[in-house]
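Enquirer: To start, I am sharing the structure in question, which I have written as structure tokens.
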Amino acid sequence: MAAIKIKEGVYSVGVLNPNMRIFDVIMRTEYGTSYNAFLIKSDKTALIETVHEHFFDEYISNISSVVDPGKIDYIIMNHNEPDHSGSLGKLIEKAPQLKVVTTQAGAIYLKNITNLSDMNIVTVKDGDTLDLGKGKTLRFVTAPFLHWPDSMFTWLESDKIAFTCDFLGAHYCEPRMFDSLVSYPGSYRQCVLGYYNAIFGPFKPYVLKGLTKLDTLDAEYVCPSHGPILTKGVMLEKVKADYLEWSTPKPRKKKYIPIFYCSAYGNTGRLARALADGISEIMPDAQVEILDINENAYPELQAKINGCDAFLVGTPTINRDAVQPVWRLVTGIDAVNVKGRKCAAFGSFGWSGEGVPMITERLRSLKLDVFADGYTCRFVPSDKELEEANDYGERFAKAVKG
Ligand code: FEO
């Protein structure tokens, strides 16, 4: 991808990774991602972020189309996870005069990430500024835990651009970089939700603080370091509103109890309905929702399992294991904030039945409050077994009520 001009003297110089399908080991990225970086050219030149180390050559090529990399004055590191800091060492080799601007926490991380002892680091605090000349001044806005302690935003007031690193980003590779040009808006919005769940779901109170800080800036553009640039009047307001909604605690009048399941021949699905009936008999006001995992989008399932009051998860056993979509769901649990939540596993099996005990053990290891040992039956549940499942649902509901 070549450099793309955002405003006079401000360029996108990051790289695309359309083929990436797994990010950070755990996140599926069906639409790839981008490692965004930005260049601000004035009397002084500042770069915002580097890119993953595998893409250094393309990154330097993009920068070179605007300025000589050897003449860059500052590299602003809003956040120092290696997808943004991975090329810093190589960049410093090309531009040894570079001053690295980051927070105090960022400076500590950078030393261990780069293993360089002689970096020229400038640490900044909330509200500090950096004058690049000709009216272009950067202001640094600390944004701790969005999503690391080192995180900050950089605000270019003259152009009303906020550079927010991971915040409001998405793993969605958009070659034309602007939200107004996104080809598949529905898919992009799913990516925004999946990204939020994985990256910011554990930090909701900090998200609310970050949104408040961003609102005081009244940005025309928000440039995150993954996915499209957000523009006022296009998608910026919507993505901010989504973050606000997803992060705001929702006092519920009704308890919400989803029952997730996969079912090869409908037997685990039958158990799900019997369990739901049992819960509803004890908690008639509760919202009990049965969700076939394969029929629902993963980001929405992940939001429900992390945002509910209690849940059950059903799996058959295939080849002595729980099935992969169920594993995927339980590995998406936000173990920090979901700790102590009432839950249980259930499922039909044919031969050996390892699936339910495996999922039960997984839920216990996440320190959730697992009810009993789960409910299982062999093959097609009989009328008696459906009654037992109904009874299990009743006992589960009584435990939820406390
Ligand atoms: Fe995109 Fe937290 O790194």
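Enquirer: Any chance you could run the full-extension gain for GLN287 through LYS339? It's 0.36 nm times the residue separation minus the Cα-Cα distance, nm to one decimal.
Expert: Numbers: separation 52, 0.36 × 52 = 18.72 nm, distance 2.12 nm.
Working it through step by step, the gained length comes to 16.6 nm.
Enquirer: Further question: Counting only heavy atoms of the protein chains, get the accessible area per residue of the chain (1.4 Å probe) and round it to a whole Å² value.
Expert: Working: 17410 Å² over 402 residues.
Accessible area per residue: 43 Å².
Enquirer: Can you work out ³J(HN,Hα) from phi for every residue in region 311-323, in order, using Karplus 6.51 cos²θ - 1.76 cosθ + 1.60 and θ = phi - 60°, giving whole Hz and x for Gly and Pro?
Expert: 8, 10, 9, x, 9, x, 10, 10, 6, 6, 8, 5, 8
Enquirer: Continuing with this model, one more query. So which trypsin sites (Lys or Arg not before Pro) in region 354-386 pass both tests, a DSSP loop state and at most 10 other Cβ atoms within 10 Å of the Cβ? Please report the intermediate quantities before stating the final value.
Expert: On the way: sites: ARG362, ARG364, LYS367, ARG378, LYS384; in loops: LYS367.
Answer in residue order: no site qualifies.
Enquirer: Still on this structure: Taking 2.2 N^0.38 Å as the expected size of a compact globular protein, what ratio does the Cα radius of gyration of the chain give against it, to two decimals? Don't jump to the answer; show the numbers that get you there.
Expert: On the way: Rg = 24.4 Å, N = 402, 2.2 N^0.38 = 21.5 Å.
Computed over Cα atoms of the chain, the ratio equals 1.14.
Enquirer: So, one more: How long, wide and thick is region 286-402, going by the Cα atoms along their three principal axes, in whole angstroms, largest first?
Expert: Reported extents, whole Å, longest axis first: 36, 33, 26.
Enquirer: Can you classify region 37-171 as rounded, prolate or oblate using the Cα gyration tensor, where a ≥ b ≥ c are the square roots of its eigenvalues, rounded means a/c under 1.5, and otherwise it's prolate if a/b beats b/c and oblate if not? Walk me through the numbers before you get to the answer.
Expert: On the way: a/c = 1.31, a/b = 1.03, b/c = 1.28.
Rounded, since a/c falls under 1.5.
Enquirer: Which sequence of THR331, THR360 reflects their accessible areas, 1.4 Å probe, from the largest down? Don't jump to the answer; show the numbers that get you there.
Expert: On the way: THR331 85, THR360 5 Å².
Solvent-accessible surface, decreasing: THR331, THR360.
Enquirer: Got a number for the accessible area of ARG28? Probe 1.4 Å, square angstrom, nearest 10.
Expert: The value for ARG28 is about 110 Å².
Enquirer: Set the Förster distance to 25 Å, then compute FRET efficiency between ASP68 and ASP118 from the Cβ-Cβ distance, nearest 0.05. Present the calculation step by step, with values, prior to reporting the outcome.
Expert: Working: r = 22 Å, r/R0 = 0.89.
The computed FRET efficiency comes out at 0.65.
Enquirer: If r is the Cβ-Cβ distance from LYS232 to LYS253 and R0 is 30 Å, what FRET efficiency results, to the nearest 0.05?
Expert: Values: r = 36 Å, r/R0 = 1.19.
Taking R0 as 30 Å, the efficiency between LYS232 and LYS253 is 0.25.
Enquirer: Within region 294-402, report the chymotrypsin sites (Phe, Trp or Tyr not before Pro) that DSSP leaves as loop and that have at most 14 other Cβ atoms within 10 Å. Show your work: numbers first, answer last.
Expert: Details: sites: PHE311, TRP327, PHE346, PHE349, TRP351, PHE371, TYR375, PHE379, TYR392, PHE396; in loops: TRP351, PHE371, PHE379.
Of the chymotrypsin sites (Phe, Trp or Tyr not before Pro), the ones in loops of region 294-402 whose Cβ has at most 14 other Cβ atoms within 10 Å are TRP351, PHE379.
Enquirer: Quick one: Karplus J couplings for region 60-75, per residue in order, coefficients 6.51, -1.76, 1.60, θ = phi - 60°, nearest Hz, x for Gly and Pro?
Expert: Values per residue, Gly and Pro as x: 5, 4, 5, 4, 5, 6, 10, 9, 6, x, x, 10, 6, 8, 9, 10 Hz.
Enquirer: Kindly work out what percent of the DSSP beta bridges joining two residues of the chain are antiparallel, to the nearest 5. Walk me through the intermediate numbers first.
Expert: Details: 30 of 64 bridges.
Once the DSSP bridges in the chain are tallied, antiparallel ones form about 45 percent.
Enquirer: For region 121-137, take each phi angle, set θ = phi - 60°, evaluate the Karplus expression 6.51 cos²θ - 1.76 cosθ + 1.60, and give the result in whole Hz per residue in order, putting x for glycine and proline.
Expert: 9, 10, 8, 10, 10, 4, x, 5, 10, 9, 8, 9, x, 6, x, 9, 10
Enquirer: Where both partners of a DSSP beta bridge lie in region 144-230, what percent of those bridges are antiparallel, to the nearest 5? Don't jump to the answer; show the numbers that get you there.
Expert: Details: 4 of 9 bridges.
Close to 45 percent.
Enquirer: Additional query: How many percent of the accessible area of the chain is carbon or sulfur, using a 1.4 Å probe?
Expert: Working: 8840 of 17410 Å².
Here carbon and sulfur together make up 51 percent of the probe-accessible area.
Enquirer: As a test question: what accessible area, to the nearest 10 Å², does LYS238 have when a 1.4 Å probe is rolled over all protein chains in place?
Expert: Surface open to solvent at LYS238 totals about 100 Å².
Enquirer: Is region 143-197 best put as rounded, prolate or oblate by its Cα gyration tensor, with a ≥ b ≥ c the root eigenvalues, rounded for a/c under 1.5, and otherwise prolate when a/b is larger than b/c, oblate when not?
Expert: On the way: a/c = 3.17, a/b = 1.31, b/c = 2.42.
Oblate.
Enquirer: Additional query: Tell me the net charge near THR123. Cut-off is 14 Å between Cβ atoms, THR123 excluded, with +1 for each Lys or Arg and -1 for each Asp or Glu. Working shown, then result.
Expert: Details: positive: LYS99, LYS111, LYS125; negative: ASP126, ASP128, ASP150.
Once all neighbours under 14 Å are counted, the net charge is 0.
Enquirer: From largest accessible area down, sort GLU394, GLU49; use a 1.4 Å probe on the protein chains.
Expert: Output order, biggest surface exposure first: GLU394, GLU49.
The values are calculated or read from the model by the stated rules, or taken from the named source; none is laboratory data. These numbers come from a predicted model, not from an experiment. Note: ideal-geometry Cβ built from the backbone for every residue, glycine included; neighbour counts use all protein chains shown. Surface accessibility is based on the protein's heavy atoms, side chains included, excluding ligands, DNA and RNA. Shrake-Rupley method; radii C 1.70, N 1.55, O 1.52, S 1.80 Å.
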